[in-house]
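Presented below is the structure to which this report refers.
The values are calculated or read from the model by the stated rules, or taken from the named source; none is laboratory data. Everything numeric in this text was worked out from a predicted model, so none of it was measured. Heads up, the Cβs are rebuilt from the backbone with ideal geometry, glycines too, and the neighbour counts pull from every protein chain shown.
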Amino acid sequence: MPLPKVEVQFSELLRAQSHVWNHIFSFINSISLKSAIQLGIPDIILKHGKPMTLPELVDILRINKAKAHGVYRLMRILIHSGFFIEEKISQNEEKKGYWLTPASRLLLKEEPFSLAPLLLVVLDPILTEPWHYVAEWLKDDHPTPFSTLHGRSFWAYAGQDPKLNHLFNNAMANDSRLITSVVIRDCKHVFEGLNSIVDVAGGTGTMAKAIAETFPNLKCTVLDLPHVVAGLKGTKNLCYVGGDMFETIPNADAILLKWILHDWSDEECIKILKKCKEAIPSKEEGGKLIIIDMVVVDNQKEEEEIIESQLFFDMMMMVAVGGIEREEREWMKLLKASGFSHYKIINKLGSRSLIEVYPS
């Protein structure tokens, strides 16, 4: 009688072992993808114009031919991860070659929505090494594991590292192109009726430019640090203002905060939100905030990939900049503490949401 019980126990242990193994080695997915981007594999396959065989790919890559099997093994795991597929070269041939998926198309150099810059930022040793200091950080007085290792904030480091700063700005610009396209298509009504809007910490103005072009009668202002907006030229209904969102925000009907508040602690967010409230009119006069950020789901009804993305980003914010991805109850508490009374969440942006917020 004990034998079946032991078999069941070992079966559970072996499944648990695989589960643990997969989490121990999950970094291999990320680093394998980074290797493919560094080698330019998605762009090489696209330029080839049709499914590409292993010998053809190896030849273009100009690698050591003795290591061709390494390319096969790299592509095999990336196929498993959904970044490439194998397709027949032609209907008359059985020979197969590598081809792109929607995910790998988001990693092409010329793709306006490319996630390659974000990948290269997040997987740079500057940002991966702090993860080894999380346990130490939980016991020390530094604001983030990043500062535990590097002795300064991510923002200070990026400001003095041109390569990191360039990759980060490119990553944010590409994200703005994608999210703006969706917002203007599916949430256009949010901007209708406004006469003016300020894009706070809007960088080089990727999102503001699209809004200004879509609504030519809407006066758009981009607020960011002086060195970010220096030399940038506006248009008839778009201008740039150098400043600090913690100090003052130009007056407008609406304030846009795209992927800003998740970078900051509750105390810092309240400071920003109070400055926003000072800059807009009352709800009756049309004043509002437009926040684009994650609203972390607290149930299992959402897609697993969305939940996982939100939890990954939350940990990334904690380790890199000291920010947080918030659940609805946390947003509600934050907004109430800043003098806002009503909000509406629009869930049409994948892992993120658009939140319309009105002053008390």
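Looking at (1) at pLDDT 95 or above; (2) part of a helix (DSSP H, G or I); (3) not aliphatic (A, V, I, L, M), find the lone condition where LYS163 falls short. Checking LYS163 against (1) at pLDDT 95 or above; (2) part of a helix (DSSP H, G or I); (3) not aliphatic (A, V, I, L, M), the one that fails is (1). Quick check: anything in the range 67-75 assigned to a helix (DSSP H, G or I) and among the basic types (Lys, Arg)? The answer is yes; a qualifying residue exists.
What number of residues within the range 315-329 are over 19 Å from the mean Cα position of the chain (by Cα) and either under 12 Å from THR144 (Cβ atoms) or crowded, with 16+ Cβ neighbours inside 10 Å (or both)? Number satisfying all stated conditions: 0. Within the range 246-262, if we keep just the residues that are in a loop (DSSP other than H, G, I, E, B) and crowded, with 22+ Cβ neighbours inside 10 Å, the residue that is nearest to the chain's Cα centre (by Cα) turns out to be ILE249. Of LEU46, LEU61, LEU39, all but one fail to be under 30 Å from the mean Cα position of the chain (by Cα) and touching a residue at least 60 places away in the same chain (Cβ under 8 Å); the exception is LEU46. Annotation note: Cβ proximity below 6 Å between a residue of the range 173-197 that is closer than 22 Å to ALA279 by Cα and a residue that is of a type outside the set (A, V, I, L, M) (sequence gap 6+ or interchain) occurs for PHE191/PHE215; LEU194/ASP253; ASN195/ASP253; SER196/LYS219; SER196/ASP253; ILE197/CYS220. Might you let me know whether the range 190-210 holds any residue that is assigned to a helix (DSSP H, G or I) and among the acidic types (Asp, Glu)? The answer is no, given that none of the residues of the range 190-210 is assigned to a helix (DSSP H, G or I) and among the acidic types (Asp, Glu). Just wondering, is there one or more residues in the range 231-242 that are assigned to a loop (DSSP other than H, G, I, E, B), modelled with pLDDT of 95 or more, surrounded by 16 or more Cβ atoms within 10 Å (Cβ to Cβ) and more than 24 Å from the chain's Cα centre (by Cα)? Yes, the range 231-242 contains at least one residue that is assigned to a loop (DSSP other than H, G, I, E, B), modelled with pLDDT of 95 or more, surrounded by 16 or more Cβ atoms within 10 Å (Cβ to Cβ) and more than 24 Å from the chain's Cα centre (by Cα). Here the range 101-135 is the region considered, the condition is being among the polar types (S, T, N, Q) and not in a helix (DSSP H, G or I), and the residue that is nearest to VAL319 (Cα to Cα) is SER114.
Please determine whether any residue of the range 263-272 is among the small types (Gly, Ala, Ser), out of contact with any Ser or Thr (no Cβ under 9 Å at 6 or more places or on another chain) and either surrounded by 19 or more Cβ atoms within 10 Å (Cβ to Cβ) or closer than 21 Å to LEU349 by Cα (or both). No, every residue in the range 263-272 fails to be among the small types (Gly, Ala, Ser), out of contact with any Ser or Thr (no Cβ under 9 Å at 6 or more places or on another chain) and either surrounded by 19 or more Cβ atoms within 10 Å (Cβ to Cβ) or closer than 21 Å to LEU349 by Cα (or both). Scanning the range 99-151 for residues that are surrounded by fewer than 20 Cβ atoms within 10 Å (Cβ to Cβ), polar (S, T, N, Q) and touching a residue at least 12 places away in the same chain (Cβ under 8 Å) turns up just one, THR101. Could we say that ILE79 is part of a helix (DSSP H, G or I), of a type outside the set (Gly, Ala, Ser) and within 29 Å of ASP244 (Cα to Cα) here? So ILE79 does not fit the description; no. For the range 192-205, the count of residues that are of a type in the set (A, V, I, L, M), touching a strand residue (DSSP E or B) at 6+ places or on another chain (Cβ under 6 Å) and on the phi > 0 side of the Ramachandran plot is nonzero. On the stretch given as the range 302-332, residues that are among the basic types (Lys, Arg) and touching a strand residue (DSSP E or B) at 6+ places or on another chain (Cβ under 9 Å) total 1. Any chance the range 64-73 includes a residue that's under 21 Å from ILE31 (Cβ atoms) and hydrophobic (A, V, I, L, M, F, W, C)? Yes.
Would you pick out the residues in the range 152-169 that are touching a Phe, Trp or Tyr at 6+ places or on another chain (Cβ under 6 Å) and touching a residue at least 40 places away in the same chain (Cβ under 8 Å)? Matches in the range 152-169: PHE154 only. Residues that are under 23 Å from ARG352 (Cβ atoms) and part of a loop (DSSP other than H, G, I, E, B) within the range 263-286 comprise TRP264, SER265, ILE280, listed in sequence order. Cβ-Cβ contacts under 7 Å between residues 6 or more apart (or on different chains), taken from a first residue in the range 64-79 that is closer than 17 Å to PRO42 by Cα to a second residue that is in a loop (DSSP other than H, G, I, E, B), are listed as VAL71/ILE63. Can you name the residue in the range 211-230 that is in a helix (DSSP H, G or I) and among the β-branched types (Val, Ile, Thr) and is also surrounded by the most Cβ atoms within 10 Å (Cβ to Cβ) among such residues? Among residues in the range 211-230 that are in a helix (DSSP H, G or I) and among the β-branched types (Val, Ile, Thr), the one surrounded by the most Cβ atoms within 10 Å (Cβ to Cβ) is ILE211.
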